[in-house]
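Values quoted throughout were computed directly from the atomic coordinates according to the rules given, and no laboratory measurement underlies them. Computed from a predicted structure; not experimentally measured. No Cβ is skipped: glycine too gets one built from the backbone with ideal geometry, and neighbour counts run over all protein chains shown.
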Amino acid sequence: MKRKRKKTESPIISDIHNVYVVTLGCPKNLVDTEVMTASLLTVGFDLTMEPDEADLYLINTCAFISPARKEAEEAIEVAVEWKKTLPKTRRIVIAGCLIQWDKKNIYREKYPDIDLWSGVDWVEEVGLQAVRLFGGKSTADHLLDEAPTYLYDENTPRLQLTVPHIAYLKIAEGCSHRCAYCSIPAIRGNLRSRTVESVVKEAGNLRRNGVKELVLIAQDTSAYGNDLRTADDNLPKLLRRLDKLDDGDYWVRMLYTHPASFSDELIDAIAESEHVLPYVDIPLQHIADSILKSMRRQCNGQQIRELLTKLRQRIPGIGLRTTFITGYPGETEEKFQELYDFIKEVKFERLGVFAYFDEPDTPACEFDNKVPVKVGEQRRDALMELQKEISLNINKSLVGTELDVIIDMIEDDEFALARSVIDAPEIDNEVVVRYNGSIKSGDIAKVKVNEVDAYTLIAQM
């Protein structure tokens, strides 16, 4: 059952307090941070970029894999030291995935100085709870729903924390897949989608505020709408609506699709669009059939190959981004070589690799045929070396060609940093643009490529 948490009437904070915000993890987490920050500003807090000026320290955590939890621990320890300087007046709120993951209260026992732990269903109420922390009223030491159901919408206050011309648009929350290695459903709950009308209204608001690049995100964007079971709420129809927002110059980018959810209708919607970019982020995780089956990925190697062929044939100029996992239980040297050869054959435009980590309470954690962590890391490094060579060759083929780019930052009077159509913010490659005349961040421009290395293009306006 999906629900939007009923808002509690929020008192305005009586004294001026500043909040310092840290957000960890993926863009999906960033959207939650933007909602939490807005809830704090709504009740009278001011936002500061300096911890020493803050009375409230808010950390929105990620807990997807053990390195993410380690990063969260390090951030919490910094906050605890910050609080010790003025323990009577400073407060700490830890929000997001960490408490949802922490079923055994490991972190609540480890960090008793935290004033409030807030789960993923409570992002809109952080402001109210912070007022109570400073008002001397008692509050729960944690706010947690075991099976999250929260979903923000176009009416939810949200403070955009990205650069002004980029905004992430969360079209759904949670995931109904049950991949054997993944703890996301246990942390975020099952898939729950917004309606097309809700997403289109928010997209229109963002466009009117000057956003040039709308980045669609969810745990699985290609499964968007499956839970709604209506003819009008699915990803192809959403993309076609977003393609007709207005007559301006803007991009729509899509992240986090799943190969088992990709339909012909979706491919057509991308191929026939003016504003939806020919960029498909499609984490594949592996190609060996036995590994895919063990992972519970709902597709096999042949189906993946057929989908990639179809995407390349039907979407002109497509850039394929994917991620893989090395060192998964049962990954023999032969199966790793199959993955290596597959990457060498397909030549993905963009690629990332993660070494496998056991996630507590997932099926894969209990598998016996473990691969040593060091071996998984060595295999990861080998794939990234291969990808570096592939990326360099792809970039060399672009020398002398013209590309559309979006300007992200003006470095000085001569150079700007930009991205091409097949480069997502803070994830993919960058384009260093030499210019003369007048340009500004958010401009969409045409450039000519002059020089390249493996992950950077140098171009001229």
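Nearest 5 is fine: what % of DSSP beta bridges in the chain come out antiparallel, could you say?
Approximately 30 percent, going by the DSSP bridge assignments.
Going through the cross-link list K83/K103; K83/K104; K84/K374; K88/K170, which pairs have a Cα-Cα distance over 32 Å in this structure?
Exceeds cut-off: K84/K374; K88/K170.
Run through the range 126-217 and list the GluC sites (Glu not before Pro) located in a DSSP loop whose Cβ has at most 15 other Cβ atoms within 10 Å.
Qualifying residues, ordered by number: E146.
Using the alpha-carbon atoms, what tilt in degrees (0 to 90, nearest 10) does helix 373-396 show relative to the longest principal axis of the chain?
Roughly 60 degrees between the two axes.
Check L216: other-chain or 5+ apart residues with amide H under 5 Å from its amide H, H built from backbone geometry?
Amide H neighbours of L216: L169, R253, M254, L255.
In nm, to one decimal, how far is the E265 label point from the D227 one, both placed 7 Å along Cα→Cβ?
About 1.9 nm, to one decimal.
By how many degrees, 0 to 90 and rounded to 10, does the Cα axis of helix 333-346 deviate from the longest principal axis of the chain?
70 degrees
Between N18, L98, L128, whose Cα lies farthest towards the positive end of the dipole of the range 18-143 when Lys and Arg beta carbons carry +1 and Asp and Glu beta carbons carry -1, centred on the Cα centre?
Most positive-ward Cα: L98.
Taking other Cβ within 10 Å of each residue's Cβ, how do L277, L238 sort, fewest first?
Neighbour counts put them in this order, fewest first: L277, L238.
In degrees between 0 and 90, to the nearest 10, how far off the longest principal axis of the chain does helix 301-314 point, with axes built from Cα atoms?
80 degrees
Could you give the dipole magnitude of the chain about its Cα centre, charging the beta-carbon of Lys and Arg +1 and that of Asp and Glu -1, in debye to the nearest 20?
Roughly 1140 debye, rounded to the nearest 20.
Could you give the dipole magnitude of the range 166-396 about its Cα centre, charging the beta-carbon of Lys and Arg +1 and that of Asp and Glu -1, in debye to the nearest 20?
Dipole about the Cα centre, nearest 20: 360 debye.
Residue by residue, what Karplus-based ³J(HN,Hα) values in Hz, rounded to whole numbers, does the range 169-183 have, using 6.51, -1.76 and 1.60 with θ = phi - 60° and x for Gly and Pro?
Using θ = phi - 60°, the values come out as 10, 7, 8, 7, 9, x, 8, 9, 6, 10, 4, 5, 9, 10, 9 Hz.
Gain in length, E50 to V373, computed as 0.36 nm per residue apart minus the alpha-carbon separation, to one decimal in nm?
112.4 nm
Between N450 and I16, what is the FRET efficiency for a Förster distance of 60 Å, r being their Cβ-Cβ separation, to the nearest 0.05?
For R0 = 60 Å, the calculated efficiency reads 0.70.
Loop-only check: which trypsin sites (Lys or Arg not before Pro) in the range 46-91 are DSSP coil with at most 11 other Cβ within 10 angstrom?
Listed in order of number, the matching sites are K88.
Could you list H258, H275 in order of exposure, starting from the residue whose Cβ has the fewest other Cβ atoms within 10 Å?
H275, H258
Taking a virtual spin label 7 Å from the Cα of D412 along the C-beta vector, which residues in the range 421-445 bring their backbone nitrogen under 16 Å of it?
Once the point is set 7 Å along Cα→Cβ of D412, 432-437 turn out to lie under 16 Å by backbone N, inside the range 421-445.
Scan the range 237-340 for trypsin sites (Lys or Arg not before Pro) in coil per DSSP, keeping those whose Cβ has at most 13 other Cβ atoms within 10 Å, and list them by number.
Here the sparse-neighbourhood loop sites are K244.
Please give, to one decimal in nm, the separation of the simple spin-label points placed at Q303 and R208, each 7 Å out from Cα toward the Cβ.
In this crude spin-label approximation the distance works out to 4.3 nm.
Once the piece of chain linking V399 and D247 is laid out straight, how much longer is it, given 0.36 nm per residue of separation minus the C-alpha distance between them?
51.6 nm
What does the extension gain come out to for N155 and K310, with contour length at 0.36 nm per residue minus their alpha carbon separation?
Working it through step by step, the gained length comes to 52.0 nm.
So for C182, C26, C365, fewest C-beta neighbours within 10 Å to most, what's the order?
Ordered by Cβ neighbours within 10 Å, fewest first: C365, C26, C182.
Restricting to the range 166-396, compute how many DSSP beta bridges are antiparallel as a %, nearest 5.
Within the range 166-396, antiparallel bridges account for around 10 percent of the total.
Could you work out the per residue convex hull volume over the alpha carbons of the range 18-143, in cubic angstrom?
95 Å³
Would you be so kind as to identify which of I343, G400, I291 lies farthest towards the positive end of the dipole of the chain, taking Lys and Arg as +1 and Asp and Glu as -1 on Cβ and the Cα centre as origin?
I291
Do the alpha carbons of any pairs in K237/K344; K388/K440; K310/K344; K201/K440; K396/K446 sit beyond 25 Å of each other, and which pairs?
K237/K344; K388/K440; K201/K440
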